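Everything on this sheet refers to the single structure shown next.
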Amino acid sequence: LDRFSGSHSIEAEKVFAGTNQRLLAIWGLIDTKELDQAIEVFFQLQPPSEEADSEFVFSLEGIVKYLSRLCYARGKSCPIDKEESYFNIASDYETAISIDPEYISALKALAWLRTSGPVEDQRNYTRAVELAHKACKLSNESDHEINAILAAAYSEVGDYNNASIWQEKALESLPDDGSSELKM
C-alpha cells in the first residue's frame, strides 16, 4: 500500500479535485493511509448528475481507480495465517468491486476465492459464477485463468454443460509460450 501513498500522482489528483472539499478529503485520507475513512467518504458522495462538471467527473474517476486498487492491494497483501484472514481478503475484494465494478483483477481474485478458496465458509459458487462471468466478458474471454475459474464455478453449481464450454475456452485461450502440451 505504501507505493500508492504519498506519490506525486496524489498531488496531481488533488489539483484536479479543485475546490471540491469531499474529493480533496478523500485524497487527503488516501495520502495519510487512512483507507477505511477514504472509502467511507467516497460512499457518502452523491453520484454525479448529468450536469456535473467535467473536472468533478474526471477527479471522481481517478478516485475510483485509486481506491479500488488500494483495496485490492490490501487484500492481496493480507497475511494468510488464519481463517479470519480470508474474510478480510474477501471483504477488500468486494469493496474494490463495489467501488469499480469493472476492475477485472478484483473480479478474478474474488471469483477464485468464492470458487476454490481454502476456507469453505468463504465459498459462494453462485456469486463466483456471476463474478467470473463478468470478468470473462470484460476481458473478451481471452484470459485463460478467468475462463478456468468460470468453468470451475459452473461445475460447482452443477452446470456441467457450461463448465465444459468454459473449460474448452480456457484451454483455447492458453498463451502460446510452449505450454501447448496443455492444449491436447
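The values are calculated or read from the model by the stated rules, or taken from the named source; none is laboratory data. Everything quoted here is computed from the prediction, not taken from an experiment. For neighbour counting, all protein chains shown are included, and Cβ atoms are generated from backbone atoms with ideal geometry for every residue, glycine included. Heads up: the accessible areas ignore ligands, DNA and RNA and are worked out on the full protein's heavy atoms, side chains in. Shrake-Rupley method; radii C 1.70, N 1.55, O 1.52, S 1.80 Å.
Looking at F58, F42, can you tell me which residue is aromatic (F, W, Y) and open to solvent by 50 Å² or more (accessible area, probe 1.4 Å)?
Step by step, each of F58, F42 is checked, and only F58 is aromatic (F, W, Y) and open to solvent by 50 Å² or more (accessible area, probe 1.4 Å).
If the requirement is being assigned to a helix (DSSP H, G or I) and either touching an Asp or Glu at 6+ places or on another chain (Cβ under 8 Å) or under 30 Å from C78 (Cα atoms) (or both), which of these qualifies: E145, E141, E168?
E145
Can you report the number of residues in segment 141-163 which are exposed (fewer than 13 other Cβ atoms within 10 Å of the Cβ) and at pLDDT 95 or above?
Of the residues in segment 141-163, 3 are exposed (fewer than 13 other Cβ atoms within 10 Å of the Cβ) and at pLDDT 95 or above.
Give me the residue from segment 114-135 that is of a type in the set (S, T, Y) and open to solvent by 50 Å² or more (accessible area, probe 1.4 Å) and, out of that set, nearest to I146 (Cα to Cα).
S116
State yes or no: is E83 closer than 25 Å to A152 by Cβ and exposed (fewer than 14 other Cβ atoms within 10 Å of the Cβ)?
Here the answer is yes, as E83 does meet what is asked.
What are the residue pairs meeting all of these: first residue in segment 88-113, first residue touching a residue at least 60 places away in the same chain (Cβ under 8 Å) and under 14 Å from D36 (Cβ atoms), second residue open to solvent by 10 Å² or more (accessible area, probe 1.4 Å) and in a helix (DSSP H, G or I), Cβ atoms under 8 Å, and 6 or more apart or on different chains?
Filtered contacts from segment 88-113: I99/I39; I99/F42; I99/V64.
Can you tell me which residues in segment 122-177 are of a type in the set (S, T, Y) and within 21 Å of the chain's Cα centre (by Cα)?
Y125, T126, S139, S142, Y154, listed by residue number.
Any residue that is within 26 Å of E61 (Cα to Cα), within 23 Å of the chain's Cα centre (by Cα) and surrounded by fewer than 19 Cβ atoms within 10 Å (Cβ to Cβ) - is there at least one of those in segment 104-113?
Yes.
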